[in-house]
Structures are given as C-alpha cells and as structure tokens.
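This report refers to the structure that appears directly beneath it.
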Amino acid sequence: MDSFEGLIEFVSVAEHQGFSAAAKFLGCSTSHVSRQVSRLEERLGCALLARTTRLVSLTPNGNAYYLQCKELVEGLDQANEQLRLQQFQLKGTLRVSAAGTFAEQFVVPVLIEFAQQHPELSVEMDFNSKAVNFVEEGIDFAIRYGQLADSNLIARKLADRPMMAAASASYLKQYGIPTHPEQLKIHSCIISNNDHWGFENSGESMSVKVHGRWRCNNANAVVEACEKGLGIAYMPKTNFAKLVATDKLKPVLKSYWSKGSSSWIVYQNRRFLATRARLAIDYLLNHFADWNE
C-alpha cells in the first residue's frame with residue numbers, strides 16, 4: 001500500500017502546475033505536498049517533476065506516470081462519491097440548458113423520470129440556444145445539436161440525428177416531386193438554421209444552396225409551415241415523425257438523406273462534476289444508448 005502514497009499529491013501538482021496551488025486545492029500544507037511527492041520519486045527511483053524557482057513541470061517519465069495515475073485518482077474519487085451517494089438522496093438544484101424539439105420531446109421526459117427518482121432534487125430547464133457561461137449562470141450541463149465549436153468544454157454524444165426531407169401532398173401536387181437534390185434550387189424550401197443543405201449521393205457528400213419564402217430557427221414553426229404547404233423542409237427525422245405517420249407530410253429524396261449531425265451533452269471541463277449532474281448525465285446516456293431516430 002505504500003506505493004499509493006503521494007499519488008494524489010503528485011496528480012494535483014501536475015494539474016495545478018505548482019506545489020502551493022496543489023496544497024491549496026487539497027487543503028493541506030505546501031511542505032506536506034512536497035514531502036509526499038519527494039518520497040514517491042524516491043520509491044520510483046526517478047524524477048517526476050522538474051523544479052525551478054518559478055515553474056514546476058513534468059519530466060517525460062512524470063508525464064507518462066501522470067497519465068496512468070490520473071485515471072486511478074479519478075476512479076478513487078468516483079468510488080468515494082458513489083459510496084456517499086448510498087447514504088443520502090440527491091439534493092439541490094440541477095440546472096440544464098436545452099434547445100430544440102429533440103430536447104423538448106425526448107430529453108425532458110427522461111429528466112422528469114430522473115427527478116421522480118430523487119424527490120429532494122429540483123430541476124430547472126432553460127430553453128435557449130445561446131452560448132452558455134456555465135460558471136456565471138450556474139448551468140450543470142447543456143443539450144446541444146450539430147457541429148460544436150472547439151472549446152475547453154466536454155461534449156458527449158447523446159444521439160445521432162439522421163435527416164429527412166418532407167413536404168405536404170398539396171405542395172408536391174402543385175409543384176412536383178423532386179427526384180434529385182439539385183432540383184431543390186427551383187423549389188420553395190423552408191429554411192431553419194442555414195440555406196446550404198447537405199445530402200449524400202453514392203457515398204459522396206453534396207451541398208445544395210436553397211431558397212424559399214419561410215425561414216425560422218424554431219423546428220415546430222418549420223414543420224407547421226411545411227404542413228401548410230409553404231415548401232420542402234429538411235431536418236432530423238423526429239421533427240416530422242408524427243405528421244409522416246398520419247400521412248400529413250410526404251418524405252422526398254429519401255435515397256439522398258444524409259446521416260445528419262448529433263445531439264450532445266456539453267458541460268464544463270472540471271475535475272469534480274457535481275454528483276447531481278454526473279448522475280443525470282449518466283442517466284441520459286444510458287437511456288439513449290440504443291436510441292434510433
């Protein structure tokens with residue numbers, strides 16, 4: 001068991017780039033951290049950290065060792081937290097930012113189930129597609145769709161969202177049924193987020209610039225305009241599912257639909273995620289593990 005002594009201190013120094021910062025994070029003295037790391041290096045017979053008066057950095061051996069130890073320490077943290085969970089119910093407020101029909105129709109019911117399992121937990125959902133400041137707004141995680149911008153946030157895939165093009169029978173009767181994506185250029189298209197629609201043709205991607213009389217960033221409004229005959233819409237399948245099932249909308253260009261994008265759970269990159277957030281995220285991921293649009 002002696003071989004485990006100093007691991008937590010070493011990982012903390014590596015992540016905080018200094019003994020003082022690590023000591024502050026761990027709630028102990030700087031001398032204790034320094035002593036524990038030095039003893040660890042002595043047992044291993046090599047230097048893990050390169051120390052100067054201003055900077056502490058990992059040696060090549062230290063970097064390789066850190067990558068291994070980090071998983072051990074995180075596993076220990078999770079084991080400790082799981083043990084604490086068995087002793088009390090989740091409390092506090094889970095704050096979630098979400099946007100889109102998918103979140104409304106499919107994510108909300110799952111979070112309601114989660115809330116029912118934890119009677120002392122409150123849930124606040126903010127339906128807004130704006131960029132989230134997780135710290136200032138106190139958001140635990142966000143549900144987002146599509147291509148994510150590079151950032152220091154953690155993004156975990158919730159579900160793939162294949163696309164569907166559809167139109168009302170009245171529109172197709174009046175203007176004809178397109179047989180190739182290029183023909184959309186002469187059709188009225190209902191535009192949601194962008195006017196470049198991506199399709200697939202024999203494994204090759206293709207993009208078509210479309211135009212139309214109705215543009216809106218709300219999926220429900222796009223679907224309603226489509227149902228009323230304003231044109232052809234192209235969005236994830238779930239947006240059209242009910243109207244296609246009742247024959248109020250007709251799928252078109254099926255052989256060219258793209259695989260689309262994905263919906264994601266996004267949260268702040270930090271070592272200790274609140275228990276309520278981590279368990280809610282795991283609950284969502286487990287629910288959607290085998291989900292098909």
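The values are calculated or read from the model by the stated rules, or taken from the named source; none is laboratory data. Here the structure is a predicted model, which means the values were calculated and not measured. All Cβ positions, glycine included, derive from the backbone under ideal geometry; neighbour counts span all protein chains shown.
Specify which of the listed residues (99, 149, 103, 142) is touching a strand residue (DSSP E or B) at 6+ places or on another chain (Cβ under 9 Å) and modelled with pLDDT under 85. Before the answer, list the steps.
Details: 149 fails: touching a strand residue (DSSP E or B) at 6+ places or on another chain (Cβ under 9 Å); 103 fails: modelled with pLDDT under 85; 142 fails: modelled with pLDDT under 85.
Sole residue among the options that is touching a strand residue (DSSP E or B) at 6+ places or on another chain (Cβ under 9 Å) and modelled with pLDDT under 85: 99.
Which ones in region 112-154 are aliphatic (A, V, I, L, M), surrounded by 15 or more Cβ atoms within 10 Å (Cβ to Cβ) and out of contact with any Leu (no Cβ under 8 Å at 6 or more places or on another chain)?
Once the filter is applied, which keeps residues that are aliphatic (A, V, I, L, M), surrounded by 15 or more Cβ atoms within 10 Å (Cβ to Cβ) and out of contact with any Leu (no Cβ under 8 Å at 6 or more places or on another chain), region 112-154 yields 132, 139, 142, 153, 154.
Just one of (1) out of contact with any Phe, Trp or Tyr (no Cβ under 8 Å at 6 or more places or on another chain); (2) in a helix (DSSP H, G or I); (3) more than 29 Å from residue 245 (Cα to Cα) trips up residue 114, so point out which.
Every condition holds for residue 114 apart from (1).
Give just the number: which of (1) in contact with a Ser or Thr (Cβ under 7 Å, 6 or more places away or on another chain); (2) in the same structural domain as residue 253 (by TED's automatic domain parsing); (3) modelled with pLDDT of 90 or more does residue 157 not satisfy?
All conditions pass for residue 157, except number (2).
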